[in-house]
1. Answer yes or no as to whether residue 299 is assigned to a helix (DSSP H, G or I) and of a type in the set (A, V, I, L, M, F, W, C).
2. So residue 274 clears everything in (1) in contact with a His (Cβ under 7 Å, 6 or more places away or on another chain); (2) modelled with pLDDT of 95 or more; (3) of a type in the set (Gly, Ala, Ser) except one condition, right? Which one?
3. Restricting the range 260-293 to residues that are among the β-branched types (Val, Ile, Thr) and in a helix (DSSP H, G or I), which is farthest from the ligand (Cβ to nearest atom)?
4. How many residues does the range 283-303 contain that are polar (S, T, N, Q) and either touching a Leu at 6+ places or on another chain (Cβ under 9 Å) or in contact (Cβ under 8 Å) with a residue 40 or more places away in the chain (or both)?
5. Could you say whether any residue in the range 96-106 is within 18 Å of residue 38 (Cα to Cα) and away from the ligand (no atom under 15 Å from the Cβ)?
6. Among the numbered conditions (1) in a helix (DSSP H, G or I); (2) of a type outside the set (A, V, I, L, M, F, W, C); (3) under 16 Å from residue 166 (Cβ atoms); (4) in contact with a His (Cβ under 9 Å, 6 or more places away or on another chain), tell me where residue 91 comes up short.
7. Take the conditions at pLDDT 95 or above, touching a helix residue (DSSP H, G or I) at 6+ places or on another chain (Cβ under 9 Å) and in a loop (DSSP other than H, G, I, E, B) and apply them to residue 100. Does it pass?
8. Checking residue 48 against (1) under 21 Å from residue 113 (Cβ atoms); (2) away from the ligand (no atom under 11 Å from the Cβ); (3) in contact with a Ser or Thr (Cβ under 8 Å, 6 or more places away or on another chain); (4) small (Gly, Ala, Ser), which test does it fail?
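The values are calculated or read from the model by the stated rules, or taken from the named source; none is laboratory data. Because the structure is predicted, anything quoted here is derived from the model rather than measured. Cβ coordinates were reconstructed from backbone atoms using ideal geometry, including for glycine residues, and neighbour counts include every protein chain displayed.
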Amino acid sequence: MDLTATNHSVTMSSGFKIPLMGIGTYGDPRTTPKGTAYESVKLAIEIGYRHIDGALVYFNEHEVGQAIREKIADGTVKREDIFYCGKLWNTFHPPELVRPALERTLKTLQLEYVDLYIIELPMAFKPGDTFYPKDENGKIVYHETDLCATWEALEACIDAGLTKSLGVSNFNKRQLELILNKPGLKYKPVTNQIECHPYFTQPKMMQYCKQNDIIIVGYSPLGTSRDPSWVNLKNPPLLEDKLLVAIAKKYNKNTAQIALRFNVQRGVVVIPKSFSPKRIKENFEIFDFFLTDDEMRAIEVTGCLPVKSKVLYCSRGESPTAHTCVFPAPTSNTTPQVIIKP
Ligand code: NAP
């Protein structure tokens, strides 16, 4: 497939297209100055990004929406050129809370629909407006829920015209199977958004998703922001990897561009986050070179690490409701684990 800066989309099972290159918008709300997401998304659209990954729980959807609307208003893009992915947060899994949560996102964005709406995590927290409900010991209060019922409420959101497609995030094989095997399934999940980068290449999940016509969206494609509150810093920084450094030198690129190109070239959507104008621009400059089969294999099969173990940056273990059928334990080391971010 010839990928270019203006043509790098793939078709999802819903028939809609998703650009392989997107921009992530999560920045720690405690340390990110107001207006940063707005400026970054505006610049990204000017540069050529058409896919924007956001979430209610990032607490900046109003800025992201404003940027998109202004770029539509000034004629840079039309609404249909933009692909926006929003996420259903853990406190809104009960079916009656699903549509109001999506409507809240749309109201915040001031858009009429999102292109993709995904279940952010396959686990529920105590329902309500406290996004991180905690008990008296400071422990997260989980909530038993039925992912299939949540999914049916999401399907109704497609019928109501609030989203074009539905997907999931951080789902393992059995959680995906729960949805795919649901009696009366009306709309299949089109994507599974999971941690995916050269240190965690997700071969088993890739194979399973390919078989089921599900596209993988790779989050943390640069190895995360290495925020100690949710990232295991014992793991080595991806962007300093020797193999990536060597390949980057050959193409006169940087390691971030090699990491992104690697995933895009194998059909994995990437959503690198940057709020730095220079890096937003650089991250998009991955369509003027390609990696050889040997280089792809070296990164994919051998992995970049000197040891063979793969590194999941965001793992935070399982929810206590893991014994229920709605949150089964993972089955392999390539299964996405639960993360809980600030
Ligand atoms: P990431 O995109 O792998 O890395 C972001 C970090 O890399 C930031 O610290 C950024 O800093 C830095 N960076 C960006 N471009 C760079 C470059 N060219 N060279 C060096 N450093 C660079 O990590 P992420 O934010 O965890 O993941 C990306 C997006 O995926 C998120 O924003 C979010 O939209 C989504 N996500 C989803 C989930 C989920 O559970 N579904 C979980 C995590 C993330 P600057 O901003 O200073 O450039």
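1. Values: assigned to a helix (DSSP H, G or I): yes; of a type in the set (A, V, I, L, M, F, W, C): yes.
When the stated conditions are applied, residue 299 passes them.
2. (1)
3. Step one: filter the range 260-293 for residues among the β-branched types (Val, Ile, Thr), giving 264, 268-271, 280, 286, 292.
Retained after the next criterion (residues that are in a helix (DSSP H, G or I)): 264, 280.
Numbers: 264: 14, 280: 7 Å.
By that ranking, first place goes to 264.
4. Number satisfying all stated conditions: 2.
5. There is at least one residue in the range 96-106 that is within 18 Å of residue 38 (Cα to Cα) and away from the ligand (no atom under 15 Å from the Cβ).
6. Here residue 91 meets the rest and fails (3).
7. Numbers: at pLDDT 95 or above: yes; touching a helix residue (DSSP H, G or I) at 6+ places or on another chain (Cβ under 9 Å): yes; in a loop (DSSP other than H, G, I, E, B): no.
Criteria not met by residue 100.
8. (1)
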